[in-house]
2 protein chains.
Amino acid sequence: MASQKLGSQKLGSDKFVTLAHGGGGLASAALLKKYFLSAYGNTILNKLGDQAIVPVKGGRLAFTTDSYVIDPIFFPGGNIGSLAVHGTVNDLAMGGAVPRYLSVGFIIEEGFPLTDLEVIIQSMAQAARMSKVQIVTGDTKVVARGSADRIFINTSGIGEVPPGIDISPERVQPGDKIILSGSIGDHGIAVLTRREGFNFEVSVRSDSAPLHDLVKTMLAVEPGIRMMRDPTRGGLASALNEIAQLSQTGMVIEESAIPVLEEVKSVCEILGLDPLYIANEGKLAAFVPAGAAPKVLQVMQAHPLGRKSAVIGEVRAADPGIVEMKTSFLGSRIVPMQTGEQLPRIC
Amino acid sequence: MASQKLGSQKLGSDKFVTLAHGGGGLASAALLKKYFLSAYGNTILNKLGDQAIVPVKGGRLAFTTDSYVIDPIFFPGGNIGSLAVHGTVNDLAMGGAVPRYLSVGFIIEEGFPLTDLEVIIQSMAQAARMSKVQIVTGDTKVVARGSADRIFINTSGIGEVPPGIDISPERVQPGDKIILSGSIGDHGIAVLTRREGFNFEVSVRSDSAPLHDLVKTMLAVEPGIRMMRDPTRGGLASALNEIAQLSQTGMVIEESAIPVLEEVKSVCEILGLDPLYIANEGKLAAFVPAGAAPKVLQVMQAHPLGRKSAVIGEVRAADPGIVEMKTSFLGSRIVPMQTGEQLPRIC
C-alpha cells in the first residue's frame with residue numbers, strides 16, 4: 001500500500017514531465033496514450049508489447065528498445081552494462097523470439113573514468129555471449145560535465161520469431177494459469193540499498209539474467225503459451241494489470257504462492273515498500289493453458305533460472321482489467337496499477 | 001586547419017572520457033578500437049558501417065542505432081525529434097536498405113515541458129511518415145532535474161536490403177567517382193549559431209532530411225554503387241578518411257567542386273572553422289563506378305534533395321588511406337581525420 005501513498009502526489013503534472021511519467025505505472029500509461037500513441041499509432045505499436053513483432057520477407061522479427069539510466073551503475077549481481085544486455089534479450093524472449101542482434105548506444109558524461117567504461121563494456125560482451133546475441137552496431141555520444149549523470153545506455157535488439165509461436169496479451173483466456181519463475185523484488189532492493197544514504201546491511205543480489213534459454217525450454221514443451229512478460233519497472237503488479245487490461249480478463253493471484261526472499265521482505269517492511277511493485281530483471285510471468293501448466297512448471301523448475309517457479313494464480317472472466325490478490329489472512333485485496341514512481345532509476 | 005588547432009588539446013585522455021571521444025574523429029576511433037571492438041568484435045560489427053547488415057531467414061537486414069543529444073533541441077530546419085528520425089533513416093539508406101521500422105527511446109529530465117515534448121513527438125511522427133517508416137516500439141525514462149540536459153533521444157532502425165545490393169567500403173576501387181549530393185556544413189552552422197552566446201544573424205537552415213528516396217533513385221539506375229555515407233559528425237573530411245582507411249584506397253577531391261553556401265562560408269571564416277569538418281544531416285557522398293557516374297549524377301540532380309549534386313573527386317590507388325584536396329590556388333593539401341571534438345552536441 002505504501003507505494004500508493006508514495007505515488008499519490010505524483011500522478012504526473014499536465015504541464016511538465018515528472019518522475020512518475022517514467023515509472024511504468026499510471027502516469028506512464030497516460031503519457032503513452034495521450035502523446036505517443038496519438039502521434040505514432042499503428043497496428044504494431046498499438047499492441048504495446050515489450051517488443052514489436054514485425055513482418056519481413058521470410059518471417060517475423062521481434063524488435064525492442066530500452067534505455068538504462070540506473071543509479072548506482074554498479075550493484076550486487078551486475079552493472080548497467082550487463083543489465084542493458086539482459087533487459088533487451090529478455091524483452092525479445094518475452095515475444096517468443098530467439099534473440100539475435102543488439103545495438104548499443106552510449107551517452108557518457110565528460111570525465112567518466114575509462115576504467116569503469118571498460119568494466120561495463122566487458123560485462124556487456126560477456127552478457128551478450130551468454131545470451132547468444134551479437135552486438136552488431138553502436139553509437140557513442142559524450143556530453144559536457146553536468147549534462148548527464150555519468151552514463152546512460154540504450155540497447156535495441158532484433159530476434160527471430162519461430163513459426164507457430166504467437167505470444168500476445170489478447171490470447172490470454174479465462175482458465176489460464178499464471179506461472180511466476182521465482183522470487184520478486186530482488187533487483188530493485190539490491191539497487192536501492194546500494195544508493196547513497198542507505199545504511200542497510202543486506203546481501204540481496206540483483207536477479208539480472210538472460211531468460212532466453214528458460215523461454216526456449218518452456219516453448220519446447222508448450223508452443224501454445226499465451227503470453228509472457230518480465231516484470232521490470234512497476235513490478236509484478238503493473239505487469240499483471242497491463243495484461244489484464246489488454247486482454248480484458250480478470251486475474252486472481254495468491255499472496256502465499258508468490259516467492260519473496262526474507263531479506264527483501266524485511267527491507268520492504270522497513271521502507272514501506274510493496275514487493276509487488278519492485279522491479280525484477282531475471283523473472284518472468286507466463287500465462288499458460290491450464291492443461292499445459294504442470295509440464296511447463298516442471299521444465300521451469302528444472303531450469304537454473306526457474307527453480308522457484310510456482311503457479312501463482314489464474315485468469316478469470318469476472319472483473320475484466322482487475323487483479324485481485326488473496327492474502328495470507330484469508331482476505332483479498334485489489335492490486336492496482338502503480339501510480340507514481342516508486343523507485344526512480346531502478347533500471 | 002582551425003579544426004585541427006581546436007582539437008589538438010583534446011585527443012582524449014587515457015583515464016577519462018572526454019568530449020573528443022564523442023566527436024567522430026581520431027579519439028572516437030581510438031576508443032572504438034581499444035574498448036569496443038576488442039570486447040564485442042565480430043565480423044559484422046568489425047565492418048564499422050553506419051549500419052550493420054545482418055542475415056536473417058529470408059534475406060538481409062540493415063540495423064542501426066544513434067543517440068541524439070543535440071543542443072539546442074529546436075533549430076532552424078528541425079528539432080531533435082525530426083533529426084533523430086532522419087538520422088536513423090539515413091543510416092539505413094546508406095546501406096542500400098529500404099527503411100522499415102524504428103524504435104524510439106527517450107531520456108527526459110524531470111520538469112521538461114510537455115508542450116515541447118508534444119512538438120518533438122509530432123515532428124517524429126511526421127518525419128516517420130515522410131520517410132515511410134513505422135515507429136513500432138519505444139521506451140521512456142525520466143531522470144531527476146540536473147541528471148540529464150532536457151531530452152536525449154535514441155532511435156534504432158531496421159531496413160530490408162534488396163537482393164543484389166552490396167554497399168560496403170571494401171568495394172571502393174581506384175577510378176571510382178565521388179559524388180556529393182549538395183552543400184556541406186548547413187546543419188552544423190544552423191545549430192551552432194542558435195546556441196546561447198552567439199550573436200550571428202544568419203538564415204542558414206539545417207539540411208536535416210530523409211535520404212531514402214534519393215538513394216532509391218540512385219540504386220535504380222546503378223545497383224552497383226559501391227559505397228555511400230552521410231557525412232554527419234566529423235563532416236565530409238572524416239567520412240572520406242574513414243572510407244579511405246577501410247578500403248585502403250587514396251582519394252583526391254577538388255575544393256572548387258564542393259558546394260558551400262556563402263553564409264556557411266562566412267560563419268566558418270569568422271569562427272575559424274572548416275566546413276569539411278562540419279556535420280550534415282541531409283547529404284550523402286557516393287562512390288560510383290566511373291562509367292555510371294554521369295547517369296547517377298543526372299538522377300541525383302533531378303531529385304529535390306540532390307539538386308546541387310556534383311562529382312567532387314575520385315579514388316586512386318596511390319596513398320592508400322589518405323585524402324588529398326586540390327585547393328582553389330592550384331595547390332593541394334592533405335585533409336586529415338578530425339582530431340578533437342569541433343562542435344560538441346551537434347547531433
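Where a number appears in this text, it was derived from the coordinates with a stated rule and is not lab data. What you see is a predicted model; the values in this text were computed from it and never measured. Positions of Cβ are generated from backbone atoms using ideal geometry, with glycine treated the same way; all protein chains shown enter the neighbour counts.
Centre-to-centre separation between the Cα atoms of segment A:28-48 and those of segment B:24-87: 26 Å.
Using θ = phi - 60° in the Karplus curve 6.51 cos²θ - 1.76 cosθ + 1.60, the 3J(HN,Hα) couplings for segment B:316-332 round to 9, 7, 5, 6, x, x, 10, 10, 10, 10, 7, 8, 5, 9, 6, x, 8 Hz; x is entered for Gly and Pro. The per residue volume of the convex hull around the alpha-carbon atoms of segment B:81-145 is 76 Å³.
Using a Förster distance of 41 angstrom, determine the FRET efficiency expected from the C-beta separation of residue B:119 and residue A:74, and round it to 0.05. My answer for the efficiency is 0.65. Among the trypsin sites (Lys or Arg not before Pro) found in segment A:31-112, those both in a DSSP coil and sparsely packed, with 13 or fewer other Cβ atoms within 10 Å of their Cβ, are A:57.
With a ≥ b ≥ c the root eigenvalues of the C-alpha gyration tensor of segment A:119-230, is it rounded (a/c under 1.5), prolate (a/b larger than b/c) or oblate? Numbers along the way, then the final one.
Values: a/c = 2.31, a/b = 1.44, b/c = 1.60.
Because a/c hits 1.5 or more and a/b fails to exceed b/c, segment A:119-230 counts as oblate.
How big is the Rg/Rh ratio for segment B:162-213, C-alpha atoms only, Rh by Kirkwood, two decimals?
Details: Rg = 17.3 Å, Rh = 14.7 Å.
Looking at segment B:162-213, the ratio lands at 1.18.
Where chain B is rotated onto chain A, the residue of B whose Cβ comes nearest the axis, and that gap in whole Å, is B:58, 1.
Round to the nearest 0.05 the FRET efficiency obtained for residue A:333 and residue A:256 when R0 = 22 Å and r is the Cβ-Cβ distance. E between residue A:333 and residue A:256, to the nearest 0.05, is 0.95. Summarising the overall dimensions of segment B:1-158 from its C-alpha atoms, the Rg and Dmax are 17.4, 50 angstrom. Taking the three principal axes of the alpha carbon atoms in segment B:281-335, the coordinate ranges are 33, 23, 23 Å, sorted in descending order. Starting from the Cα gyration tensor of segment B:169-334, take the square roots of the eigenvalues, sort them a ≥ b ≥ c, and report rounded, prolate or oblate (rounded when a/c is under 1.5, otherwise prolate if a/b is larger than b/c, else oblate). Here segment B:169-334 falls in the oblate category.
D for the protein assembly as shown, whole µm²/s, Stokes-Einstein with Kirkwood Rh over alpha-carbon pairs at 37 °C and 0.692 mPa s: what number? After rounding, the answer is 127 µm²/s. Comparing B:185, B:23, B:96 in a Gaussian network model of chain B (Cα springs below 10 Å), the most mobile by mean-square fluctuation is B:23. Once the chymotrypsin sites (Phe, Trp or Tyr not before Pro) in DSSP loops with at most 16 neighbouring Cβ atoms within 10 Å are cut out of chain B, the longest remaining piece is B:1-197. Taking amide H as placed 1.01 Å from N in the peptide plane, residue B:140 has its amide H under 5 Å from the amide H of B:106, each at least 5 places away in sequence or on another chain. Does segment A:14-91 come out rounded, prolate or oblate by the C-alpha gyration tensor, with a ≥ b ≥ c the root eigenvalues, rounded set by a/c under 1.5 and, if not, prolate when a/b is larger than b/c and oblate if not? Because a/c hits 1.5 or more and a/b fails to exceed b/c, segment A:14-91 counts as oblate.
Which part of segment B:42-64 falls in the paramagnetic zone of residue A:129, meaning amide N under 18 Å from the point 7 Å along Cα-to-beta-carbon? Correct set: B:42-46.
Between B:261, B:92, B:240, the Gaussian network model of chain B with springs among Cα atoms under 10 angstrom shows the greatest mean-square fluctuation at B:261. Taking the DSSP bridge list for segment A:232-347 and keeping only pairs wholly inside it, about 65 percent are antiparallel. Between A:163, A:174, A:72, the GNM of chain A built on Cα springs shorter than 10 angstrom shows A:163 fluctuating the most.
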